[in-house]
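Structure first, commentary second.
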Amino acid sequence: MAGLEFAEGTPCWVEVALADLEAGMRFYGELFGWTYADPGFTRQSLFVYAVSDGKKVAALAPKLDGRMPTAWGVYFATDDAAALARKIKDAGGQMVTDPVPVPPLGTMAMAADPGGAVFGLWQAGTHAGFEKRDEPGSFCWTEVYSRRKELTDPFYETVFGFQGFDLEEAGQDFRTWSPAGADAGPDTAIGGRSLIGDVFPAEMPDHFMIYFVVEDCDEAAATAVAQGGRIQAEPFDTPYGRIAVLTDNQGATFAVLAEPEETAA
């Protein structure tokens, strides 16, 4: 099954690192209806593909080091991971892991922005990324939570050429990012930047939030709790749908979005 096409800087994949891979597979299987597939390496595989409707939507990986965070991460597409790594360093970011081939799938790297938010780079080989997105059981959105937008905004807009658009709904400081060459605004946005406000713990670092589409936000929140997870933000309504922020049974936080009925239709 061929993947979707991903322009430079477009979110193309998400992955979660877990202490107990089997427990994580059960949790997300119940929550999103995911099944799982081995990537088919000849050596022992270090992750599994999450599959929805027969299409790859994410990866679940065991933590190889207990000091690693239990967290969801996003990868941005690139045609040249090495060149993009240089741009990241020139723009004030740093490389956590320099580009490394993962044959035959592609080339990956991990980077951190000036505020410390970690994200991945993916240069496609046989694996381009999502085979399904923006539908129930799959990724739909990501945003970086930052304490210093004066560092975060120019970094991503320099590195990826994102076109920024400020939304000021309900008094919130939120910026959407559209791909290079697109007209800036919510209709073309592929991600965004929010601020870490006073409601967050003082020790919370800058980080990315990953959103998945669900049919029913309240039902998804209840299912997460029944599977040993927690609700970080109770379901609430927005112009873009009903959202809840959840934590899985091992501490990885993510969000779910049920689109408005007219949008879903």
Report task. Enumerate the aspartates and glutamates that Lys87 could reach by cross-link, defined here as Cα to Cα under 17 Å, with residues fewer than 8 away along the same chain left out. Result -> Glu8, Asp79, Asp98, Asp113, Asp153, Glu157
Query raised in the report: Could you give the distance between the Cα centres of the range 97-116 and the range 3-23, to the whole Å?
Result: 12 Å
Requested in this report: For Ile210, Ile190, give the ranking by accessible area with the largest first, probe 1.4 Å.
Outcome: Ile190, Ile210
Requested in this report: Rounded to the nearest Å, what's the spacing between the alpha carbon centres of the range 48-94 and the range 128-186? Just the number, please.
Outcome: 17 Å
Query raised in the report: Residue by residue, what Karplus-based ³J(HN,Hα) values in Hz, rounded to whole numbers, does the range 234-240 have, using 6.51, -1.76 and 1.60 with θ = phi - 60° and x for Gly and Pro?
Result: 4, x, 9, 8, 9, x, 9
Query raised in the report: Who wins for biggest fluctuation among Gly66, Gly191, Gly29 in a Gaussian network model of the chain, springs between alpha carbons below 10 Å?
Result: Gly66
Query raised in the report: Given the rule -39500 (n - 2.57) for each run of at least 4 DSSP H residues, summed and divided by the residues of the chain, what is its mean residue ellipticity at 222 nm, to the nearest 500 deg cm²/dmol?
Result: -5000 deg cm²/dmol
Report task. Classify the range 169-265 as rounded, prolate or oblate from the Cα gyration tensor: take a ≥ b ≥ c as the square roots of its eigenvalues, call it rounded if a/c is under 1.5, otherwise prolate when a/b beats b/c and oblate if not. Result -> oblate
Query raised in the report: What order do Glu5, Glu219, Glu203 take when sorted by accessible area (1.4 Å probe), most exposed first?
Result: Glu5, Glu203, Glu219
Query raised in the report: With the Cα gyration tensor of the chain giving a ≥ b ≥ c as the square roots of its eigenvalues, does the rule (a/c under 1.5 for rounded; else a/b larger than b/c for prolate; else oblate) give rounded, prolate or oblate?
Result: rounded
Report task. Would you mind working out the magnitude of the charge dipole of the range 127-265 relative to its Cα centre, with +1 at each Lys and Arg C-beta and -1 at each Asp and Glu C-beta, to the nearest 20 Debye? Result -> 560 debye
Query raised in the report: If you roll a 1.4 Å probe over the heavy atoms of the protein chains, what accessible area per residue do you get for the range 72-169, in Å²?
Result: 42 Å²
Report summary line: Here, Asp98 and Arg67, labelled 7 Å along Cα→Cβ, have an inter-label distance in nm of 2.0 nm
Report task. Quick one: accessible surface of Arg26, probe radius 1.4 Å, all protein chains present, in square angstrom to the nearest 10. Result -> 150 Å²
Report summary line: Rg/Rh over Cα atoms for the range 21-124, Kirkwood Rh, comes to 1.00
Query raised in the report: Amide H of Ala128: which non-local residues (sequence gap of 5 or more, or other chain) have their own amide H closer than 5 Å, using H built in the peptide plane?
Result: Gly3
Requested in this report: Determine the dipole magnitude for the chain: charges of +1 sit on the beta-carbon of Lys and Arg, -1 on that of Asp and Glu, nothing else is charged, the reference point is the Cα centre, and the result goes in debye to the nearest 20.
Outcome: 1100 debye
**Report entry** Accessible surface of the chain [probe 1.4 Å, protein heavy atoms]: carbon and sulfur percent
**Finding:** 50 percent
Report task. Lys and Arg at +1, Asp and Glu at -1: add these up for the other residues within a Cβ distance under 11 Å of Phe162 and post the number. Result -> -1
Query raised in the report: What size of dipole, in debye to the nearest 20, comes out for the range 113-173 about its Cα centre when the only charges are +1 on Lys and Arg C-beta atoms and -1 on Asp and Glu C-beta atoms?
Result: 320 debye
Report summary line: Among Ala189, Gly137, Leu121, the residue whose Cα sits farthest towards the positive end of the charge dipole of the range 114-205 (+1 at Cβ of Lys and Arg, -1 at Cβ of Asp and Glu, taken about the Cα centre) is Leu121
Query raised in the report: Short version: ³J(HN,Hα) in whole Hz for each residue of the range 181-194, in order, from phi by Karplus 6.51 cos²θ - 1.76 cosθ + 1.60 (θ = phi - 60°), x for Gly and Pro, what are they?
Result: x, 8, 6, 5, x, x, 5, 10, 5, 10, x, x, 10, 10
Report task. Select from Phe119, Phe47, Phe139 the residue whose mean-square fluctuation is largest in a Gaussian network model of the chain (Cα-Cα springs shorter than 10 Å). Result -> Phe47
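The values are calculated or read from the model by the stated rules, or taken from the named source; none is laboratory data. This structure is a prediction, so every number in the text was calculated from the model and none was measured. Quick reminder, even Gly has a Cβ in these numbers, built from the backbone with ideal geometry, and neighbours come from all protein chains shown. Each accessible area value is taken on the protein alone, full model and side chains, heavy atoms only, with ligands, DNA and RNA left out. Shrake-Rupley method; radii C 1.70, N 1.55, O 1.52, S 1.80 Å.
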